[in-house]
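Participant: One structure, pasted below without further comment.
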Amino acid sequence: MGAGHAHTLYRHGHSPVHALPPHCKLAAAFCFVLVVVSTPREAVWAFALYAVLLAAVTRVAGIPARVLLRRLLIEIPFVAFAFLMPFVVPGEQVQFLGLSLSVSGLWGAWNVLAKGTLGVAASVLLASTTELRSLLLGLQRLRLPPMLVQIASFMIRYGDVITDEMRRMSVARRSRGFEARGVRHWGVLAKSAGALFIRSYERGERVHLAMVSRGYAGTMPVIDEVTASRAQWTYAAALPVSALAVCLLGWTL
């Protein structure tokens, strides 16, 4: 089972973070995000410490800060939503630079921004230090339902194939003088989407038949058995355990 090639999000390296088994990193990232989400939004200092922890992991992993920041741009839609909250959430109002802002809306915006940014940053670090193929093996090791792992595996493997098919169809349309300039061209685009769906479905049928002819019976063979030592689990647990200590302190103060 594999992705077939390295994904663009992955950055090759030989750091201790890269060397950790994938299921250790998956469990650590999940627990870290769970702790962050459980932290009260009023504990602003706790989120600053979480950011310091992630910065330390980034430094150990050898991931350039500019790369991490550039990939965090994916959360811009959530940032836009957060900036609207002080204007639309009802409640007590405060004045800032001539604007009337909701206090509960400001807290809600901070809650979304802080927790969302930390969660996305943890995911980016995970993707930057773990190959997709290894992530799938890690999910399998963590006893995720095999069918979900297989679906994710095929999605990764054939995502680029479908994208190339879309690109060829687009080139074919342009070579015949077609340019989508308005609503009247939506019909052509809808027919192209339908044709792409049919081609993808037929490709799936052919791949399934080929797998069955080679002995597929509902489960994929595991070529590389991924294991982790107690020391590796301890090393991976450093991030979520440190975050948990900060969270508990935030609830007590």
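The values are calculated or read from the model by the stated rules, or taken from the named source; none is laboratory data. These numbers were taken from a predicted model, which means no experiment stands behind them. Cβ: placed from backbone, ideal geometry, glycine included. Neighbour counts: every protein chain shown. Remember, those area values only see protein heavy atoms, side chains included, never the ligands or the DNA or RNA. Shrake-Rupley method; radii C 1.70, N 1.55, O 1.52, S 1.80 Å.
Participant: Name the pairs whose Cβ atoms lie under 6 Å apart, with the first residue in the range 1-27 and buried (at least 17 other Cβ atoms within 10 Å of the Cβ), the second at pLDDT 85 or above and among the acidic types (D, E), and 6 or more positions between them or separate chains?
Facilitator: Y10/E131
Participant: Of all residues in the range 184-195 being in contact (Cβ under 8 Å) with a residue 12 or more places away in the chain and not hydroxyl-bearing (S, T, Y), which is least open to solvent (accessible area, probe 1.4 Å)?
Facilitator: A195
Participant: Identify, from the list V79, V103, the residue that is free of Cβ contacts under 8 Å to residues at least 24 places away in the same chain, over 30 Å from I151 (Cβ atoms) and of a type in the set (A, V, I, L, M).
Facilitator: Details: V79 fails: free of Cβ contacts under 8 Å to residues at least 24 places away in the same chain.
Answer to the check: V103.
Participant: Continuing with the same structure: Considering only the range 225-232, I want to know if a residue exists there that is farther than 30 Å from A46 by Cβ, in contact with a His (Cβ under 8 Å, 6 or more places away or on another chain) and open to solvent by less than 50 Å² (accessible area, probe 1.4 Å). Write out each step before concluding.
Facilitator: Within the range 225-232, the first condition is being farther than 30 Å from A46 by Cβ, and the residues that meet it are 225-227, 229.
From what's left, in contact with a His (Cβ under 8 Å, 6 or more places away or on another chain): 226.
Within this subset, residues satisfying the condition of being open to solvent by less than 50 Å² (accessible area, probe 1.4 Å) are 226.
Yes, the conditions are met somewhere in the range 225-232.
Participant: Name the pairs whose Cβ atoms lie under 8 Å apart, with the first residue in the range 157-177 and in contact (Cβ under 8 Å) with a residue 12 or more places away in the chain, the second charged (D, E, K, R), and 6 or more positions between them or separate chains?
Facilitator: Qualifying pairs under 8 Å: Y158/R203; V161/R203; E165/R199.
Participant: Of the residues that make up the range 71-78, is at least one open to solvent by less than 70 Å² (accessible area, probe 1.4 Å), basic (K, R) and over 22 Å from C247 (Cβ atoms)? Can you show your working first?
Facilitator: First pass over the range 71-78, keeping only residues open to solvent by less than 70 Å² (accessible area, probe 1.4 Å): 71-72, 75.
Subset that is basic (K, R): 71.
If we keep only those that are over 22 Å from C247 (Cβ atoms) too, we end up with 71.
Yes, there is a match, as at least one residue in the range 71-78 is open to solvent by less than 70 Å² (accessible area, probe 1.4 Å), basic (K, R) and over 22 Å from C247 (Cβ atoms).
Participant: Determine which member of the set R203, R181 is at pLDDT below 85 and either surrounded by 12 or more Cβ atoms within 10 Å (Cβ to Cβ) or part of a loop (DSSP other than H, G, I, E, B) (or both). Give the derivation first.
Facilitator: Numbers: R203 fails: at pLDDT below 85.
Step by step, each of R203, R181 is checked, and only R181 is at pLDDT below 85 and either surrounded by 12 or more Cβ atoms within 10 Å (Cβ to Cβ) or part of a loop (DSSP other than H, G, I, E, B) (or both).
Participant: Taking the condition outside any loop (DSSP other than H, G, I, E, B), under 30 Å from E131 (Cβ atoms), at pLDDT 90 or above and among the aromatic types (F, W, Y), does F197 pass? Outline the logic, then answer.
Facilitator: Details: outside any loop (DSSP other than H, G, I, E, B): yes; under 30 Å from E131 (Cβ atoms): yes; at pLDDT 90 or above: yes; among the aromatic types (F, W, Y): yes.
Taking the combined requirement at face value, the residue satisfies it.
Participant: Starting from the range 38-63, keep only residues that are under 13 Å from A243 (Cβ atoms), then list their pairs with residues that are part of a helix (DSSP H, G or I) and β-branched (V, I, T) whose Cβ atoms are within a distance under 7 Å, requiring at least 6 positions of separation or different chains.
Facilitator: These pairs meet every condition: A46/V246; L49/V246; Y50/V36; Y50/V246; V57/V17.
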